[in-house]
Amino acid sequence: MLQAENTLFTIVMLLYFAAMILYFVFIAVKRDALSRIAVLLQAAGFVLHTAALICRGIGAGRLPLTNQYEFATCFAWGLCLVSLIFVLRFHFPVLGAFAAPVIFLIIGYAAMQSKDVRELMPALRSNWLGFHVSTAIIAYGSFGVSFVLSIIFLLRDRMKEKGFLDQHIPNREKLDTISYRSVALGLLFLTFTIITGAIWAERAWGSYWSWDPKETWSLVTWIIYAVYLHLRIRRSWQGKSAAIFAVAGFICVIFTYIGVNTLLPGVHSYA
């Protein structure tokens, strides 16, 4: 099964890369048919990515959520899932053109990590593993989509009126609304991540919260997005400032995932 996973993983990388190139060509040559093919390639990549994760889980005899490689490939899976939902829901292929490079970079990062299957450390032998990490994957994927939408929002004014891209990108108000919904979804799942992590930590280490670097930066990330939603709801805060805030929030997400593991080792250093 692990050999099958390796083969599927390679195919998935190629499909995501092909989708990214087709999205770029779609924007360059301005042909809608190319965007439809790109979406299909991304969807095919997602299906095979799901199959690869299933093979990994069967081959490892556990959920594939316990190390840098597994979480990175699941992170890319979550971002692909959420971006596809938004692309199809809002008929917004240009979102795919911005999301595809991020997906490819994350799965490329996964490819550079060790794929060795190791025995789980005692702290990870818990049913809370699936709840905790799966909610983090959806949260990070949603924040990734809000990041992409915010970048598009910030570039929106530079596009020519009635031009090709202008016709394929929602107006600023709709972009702002979609980004807000993505942040709201991400914050909901990040809240679940922190709660399930606290319950799991109490059972594994006897304490709900130990100010481990990963815990601390997860809380910092939660506060950033909570402030975003608070300002949005209570003060009708939106537009460029909100977009910049969402970009900063995703930078914090990336630091929480990669930077903390690299620079601030703690009890979460295995993932």
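The values are calculated or read from the model by the stated rules, or taken from the named source; none is laboratory data. These numbers come from a predicted model, not from an experiment. Here Cβ is always computed from backbone atoms with ideal geometry, including for glycine, and neighbour counts include all displayed protein chains.
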Do you know which of the residues in the range 18-39 that are touching a residue at least 60 places away in the same chain (Cβ under 8 Å) and under 18 Å from the mean Cα position of the chain (by Cα) is surrounded by the fewest Cβ atoms within 10 Å (Cβ to Cβ)?
Met20
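Residues checked against (1) in the same structural domain as Leu95 (by TED's automatic domain parsing); (2) modelled with pLDDT under 80; (3) touching a helix residue (DSSP H, G or I) at 6+ places or on another chain (Cβ under 7 Å); (4) farther than 30 Å from Lys30 by Cβ:
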residue: Leu187; (1), (2), (3), (4): no, no, yes, yes
residue: Ile199; (1), (2), (3), (4): no, no, yes, yes
residue: Glu202; (1), (2), (3), (4): no, yes, no, yes
residue: Val220; (1), (2), (3), (4): no, no, yes, yes
residue: Ile223; (1), (2), (3), (4): no, no, no, yes
residue: Val227; (1), (2), (3), (4): no, no, no, yes
residue: Ser241; (1), (2), (3), (4): no, no, no, yes
residue: Ile251; (1), (2), (3), (4): no, no, no, yes
Only one of (1) in a helix (DSSP H, G or I); (2) free of Cβ contacts under 8 Å to residues at least 40 places away in the same chain; (3) farther than 30 Å from Ser150 by Cβ does not apply to Ile106, and that is (3)
Confirm whether Thr216 is hydroxyl-bearing (Ser, Thr, Tyr), under 26 Å from Leu81 (Cβ atoms) and either out of contact with any Phe, Trp or Tyr (no Cβ under 9 Å at 6 or more places or on another chain) or modelled with pLDDT of 90 or more (or both).
no
Quick one: is Gly130 surrounded by fewer than 16 Cβ atoms within 10 Å (Cβ to Cβ), in the same structural domain as Thr191 (by TED's automatic domain parsing) and in a helix (DSSP H, G or I)?
yes
Considering the range 50-59 alone, what residues qualify as being under 11 Å from Val117 (Cα atoms) and buried (at least 20 other Cβ atoms within 10 Å of the Cβ)?
Arg56
Is it true that some residue in the range 62-69 is closer than 22 Å to Leu2 by Cα and aromatic (Phe, Trp, Tyr)?
yes
Out of Ile244, Ile224, report the one residue that is in a helix (DSSP H, G or I) and touching a Gly at 6+ places or on another chain (Cβ under 9 Å).
Ile224
Would you pick out the residues in the range 52-82 that are modelled with pLDDT of 90 or more and either among the aliphatic types (A, V, I, L, M) or under 17 Å from Ile178 (Cα atoms) (or both)?
Ala52, Leu53, Ile54, Ala76, Leu79, Cys80, Leu81
Among (1) surrounded by 15 or more Cβ atoms within 10 Å (Cβ to Cβ); (2) touching a residue at least 12 places away in the same chain (Cβ under 8 Å) - the single one Arg118 does not satisfy
(1)
When Leu15 is run through (1) assigned to a helix (DSSP H, G or I); (2) surrounded by fewer than 17 Cβ atoms within 10 Å (Cβ to Cβ), the failure sits at (2)
Options Gln42, Gln3; residue that is crowded, with 20+ Cβ neighbours inside 10 Å and either in a helix (DSSP H, G or I) or at pLDDT 95 or above (or both):
Gln42
Inspect the range 50-65 for any residue being outside the structural domain of Phe131 (by TED's automatic domain parsing), among the charged types (D, E, K, R) and either closer than 20 Å to Gly144 by Cβ or assigned to a helix (DSSP H, G or I) (or both) and give the result as yes or no.
yes
Please pick out the residue among Gly141, Gly130 that is touching a Leu at 6+ places or on another chain (Cβ under 8 Å), among the small types (Gly, Ala, Ser) and at pLDDT 80 or above.
Gly141
